[in-house]
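Engineer: Take a look at the following structure, please.
The values are calculated or read from the model by the stated rules, or taken from the named source; none is laboratory data. This is a predicted model, so every value here is computed, not measured. Backbone-built Cβ (ideal geometry, glycine too); neighbour counts: all protein chains shown. With ligands, DNA and RNA removed, areas are computed over all heavy atoms of the protein, side chains included. Shrake-Rupley method; radii C 1.70, N 1.55, O 1.52, S 1.80 Å.
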Amino acid sequence: MAEEGDVRFMKRVLWVFLLSWLWAGDLPAAGAPPSEAPVILVVGDSLSAAYGMAQSEGWVALLQARLRETGHPHRVVNASISGETSGGARSRMVALLLRWQPAVVILELGGNDGLQGLSLARLQDNLAAMIELSRGHGAQVLLVGMRLPPNYGPYSRAFARVYQTLAQRYDVAFVPFLLEGLADDLSMFQPDGIHPTRNAQPRILDNVWPVLRDLLAAPPAREGPAVATSRP
């Protein structure tokens, strides 16, 4: 009986490991350079996970092509998951950093926290922890901001301040609003009114690219050991 229990235990461990690997959702962008190239790790939600379209049509895949066209050797890894919250991403962050050892981490998170009315203090804490973890592993960070519709009232304004506060506190590269120039154009959104269409993806990339380009041109700042926690 003891041997059967050991077998069941080992199967459970292997199953949990497999689920964790699959849940990470980390897929190299189409046409990625060899694995020895420095990695840009994108940790986001459905806006970066190419929701409602082929992965090759999303802005993250287009980023890989832009890097290649401009002579950058980086490999883009997309660890974005549709429906992801800041707490969910934080719980995966240590494993992602250990697996990919990225040179740059792009954090595009918070939209689902806001739409669900979750705690903004927790959102700020989660994003701060991911910035610190990324820097602790020697990665540069690009923080991508999000905004909520104005009908969310004071919560919407406080939500936007979370990103501004973090960008100033940590002096990170910062894109204030991923959907700048798109949010008021319904033709750029799928029928749900939330997720951009494939035609909008090049414009999303254009919002991110100037900040990322400048970050890649700057000398990397290597920091100390990673914080040994990933609990939300």
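Engineer: As a test question: what accessible area, to the nearest 10 Å², does Trp100 have when a 1.4 Å probe is rolled over all protein chains in place?
Structural biologist: 40 Å²
Engineer: For a protection proxy built on the mean count of beta-carbon atoms within 10 angstrom, sort 38-46, 102-110 highest first, please.
Structural biologist: Details: 38-46: 24.0, 102-110: 25.9.
Per-residue mean Cβ counts within 10 Å order the peptides as 102-110, 38-46.
Engineer: Using modelled backbone amide H atoms (1.01 Å from N, in-plane), which distant-in-sequence or interchain residues come within less than 5 Å of Phe174's amide H?
Structural biologist: Leu143
Engineer: If you take every residue apart from Pro196 with its C-beta less than 11 Å away from the C-beta of Pro196, what net charge results, scoring Lys and Arg +1 and Asp and Glu -1?
Structural biologist: -1
Engineer: How much net charge surrounds Ala37 when only the other residues with a Cβ under 12 Å from the Cβ of Ala37 are counted, with Lys and Arg +1 and Asp and Glu -1?
Structural biologist: +1
Engineer: Among 130-136, 150-156, how do they line up by average Cβ neighbours within 10 Å per residue, starting with the highest?
Structural biologist: Numbers: 130-136: 21.1, 150-156: 10.6.
Ranking, from highest mean packing down: 130-136, 150-156.
Engineer: Under the definition of Cα pairs under 8 Å and six or more residues apart, what whole-number percent is the relative contact order of the stretch 102-232?
Structural biologist: Numbers: 163 pairs, mean separation 40.2, N = 131.
Once normalised by length, the contact order is 31 percent.
Engineer: Here's another thing I want to ask about it. Mind listing the long-range amide H neighbours of Phe189? Cut-off is under 5 Å, sequence gap 5 or more, other chains count too, H placed in the peptide plane at 1.01 Å from N.
Structural biologist: Amide H neighbours of Phe189: Thr197.
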